[in-house]
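A short write-up of the structure that comes next.
The values are calculated or read from the model by the stated rules, or taken from the named source; none is laboratory data. What you are looking at is a predicted structure, and each value in this text was computed from that prediction instead of being measured. Methodologically, a virtual Cβ is constructed for each residue, glycine included, from the backbone with ideal geometry; neighbour enumeration extends over all protein chains shown. When the accessible area is computed, the model is the full protein with side chains, heavy atoms only, and any ligands, DNA or RNA have been set aside. Shrake-Rupley method; radii C 1.70, N 1.55, O 1.52, S 1.80 Å.
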Amino acid sequence: MLRADSKGDTVQRLGRNQGAYHGEGIDIAAILDADVRAAEAHGWQTEWLRVTDDLRLLALRRQHPRARRRIYLSTGIHGDEPAGPLAVGQLLETDAWPAGSDLWLCPCLNPTGFPLNRRENAEGKDLNREYRHPTSGEIRTHIAWLERQPDFDLSLCLHEDWEAHGFYVYELNPSGVPSLAETIVDAVARVCPIDLSPLIEGREARGGIIRPSLDPRSRPDWPEAFHLMQYKTRLSYTLEAPSDFPLAVRVAALVAAVQAALSAVPQR
Ligand SMILES: [Zn+2]
């Protein structure tokens, strides 16, 4: 588990986030342009999903000739969580994906939230509560695209939490397949503190891992991970970087989490 001498333990909170995220924002349009260039250079298929005349979502896909697992990743659904888009940008740029997987990637599900550096989209909607009864064009478009894709062996949703004392992860694993959560946390602990609180976001946590109770029907507002669990995958992780820490640390945490999960997911 956690190493007392790990580099992650020496990183300190900035104390900047009072009542909301008050850290740096990102130029999402420039990041998505760079994503497309890197994706095309490394053999991905790129697709722009039309939401309106002025708004499109980027969806990327890459097939590996001998792939034996299908992995879905998304990020940028909350416009005040810059580390996710930066982390997938870095993974695309350096082509640092562990081999052997077909990959599906949505690098930014909330392109209008980032210019405002706020959680919701430009219309004030929290897109990650829209998956049961979608009212936003972004999530209707995203769900329609997901319906055209096959099932996934693993899905990863990259997020940040402005209140967190360190990295943590939600696991949805209703069939009880081998868990990747400890592997993910161990990898992240080398670069970023882990939130070891017994209660995170009102839910029981242990060693930075939350395994929430699982009846999606009990919740009226579904996050993306509930939709994925209901329709697309048996194993889902929501990765939460602590956004009161330096941005480079949060990006490193998410990159390490993705690489650890992709390396550890069993082949079928
Ligand atoms: Zn989030």
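Here's a check for you: in the stretch 192-210, which residue that is in a loop (DSSP other than H, G, I, E, B) and modelled with pLDDT under 95 is most open to solvent (accessible area, probe 1.4 Å)?
Looking at the filtered set, the residue picked out is Glu201.
Can you tell me which residue among Ile139, Ile143 is of a type in the set (Val, Ile, Thr) and either touching a Gly at 6+ places or on another chain (Cβ under 8 Å) or more than 16 Å from the ligand (Cβ to nearest atom) (or both)? Can you show your working first?
On the way: Ile139 fails: either touching a Gly at 6+ places or on another chain (Cβ under 8 Å) or more than 16 Å from the ligand (Cβ to nearest atom) (or both).
That would be Ile143, the only listed residue that is of a type in the set (Val, Ile, Thr) and either touching a Gly at 6+ places or on another chain (Cβ under 8 Å) or more than 16 Å from the ligand (Cβ to nearest atom) (or both).
I'd like to verify a number: residues in the stretch 235-264 that are more than 15 Å from the ligand (Cβ to nearest atom), crowded, with 23+ Cβ neighbours inside 10 Å and not in a helix (DSSP H, G or I), how many?
2
Please specify each residue of the stretch 217-234 satisfying the condition of being surrounded by fewer than 17 Cβ atoms within 10 Å (Cβ to Cβ), not in a loop (DSSP other than H, G, I, E, B) and not basic (Lys, Arg).
Ser218, Gln230, Tyr231 - these are the residues of the stretch 217-234 that are surrounded by fewer than 17 Cβ atoms within 10 Å (Cβ to Cβ), not in a loop (DSSP other than H, G, I, E, B) and not basic (Lys, Arg).
So which of Ser136, Ser179, Ser155, Ser175 is open to solvent by 60 Å² or more (accessible area, probe 1.4 Å) and of a type in the set (Gly, Ala, Ser)?
Ser175
Of these, Leu116, Leu91, Leu57, which one is within 16 Å of the ligand (Cβ to nearest atom), aliphatic (A, V, I, L, M) and modelled with pLDDT of 95 or more?
Numbers: Leu91 fails: within 16 Å of the ligand (Cβ to nearest atom); Leu57 fails: within 16 Å of the ligand (Cβ to nearest atom).
Step by step, each of Leu116, Leu91, Leu57 is checked, and only Leu116 is within 16 Å of the ligand (Cβ to nearest atom), aliphatic (A, V, I, L, M) and modelled with pLDDT of 95 or more.
Please count how many residues of the stretch 28-55 are more than 30 Å from Ala99 (Cα to Cα) and either part of a helix (DSSP H, G or I) or not β-branched (Val, Ile, Thr) (or both).
Total satisfying the criteria: 4.
Going by the conditions given, is Leu214 buried (at least 20 other Cβ atoms within 10 Å of the Cβ), farther than 19 Å from Leu196 by Cα and away from the ligand (no atom under 15 Å from the Cβ)?
No: the conditions fail for Leu214.
Can you confirm whether the stretch 69-88 contains a residue that is among the small types (Gly, Ala, Ser) and surrounded by fewer than 23 Cβ atoms within 10 Å (Cβ to Cβ)?
no
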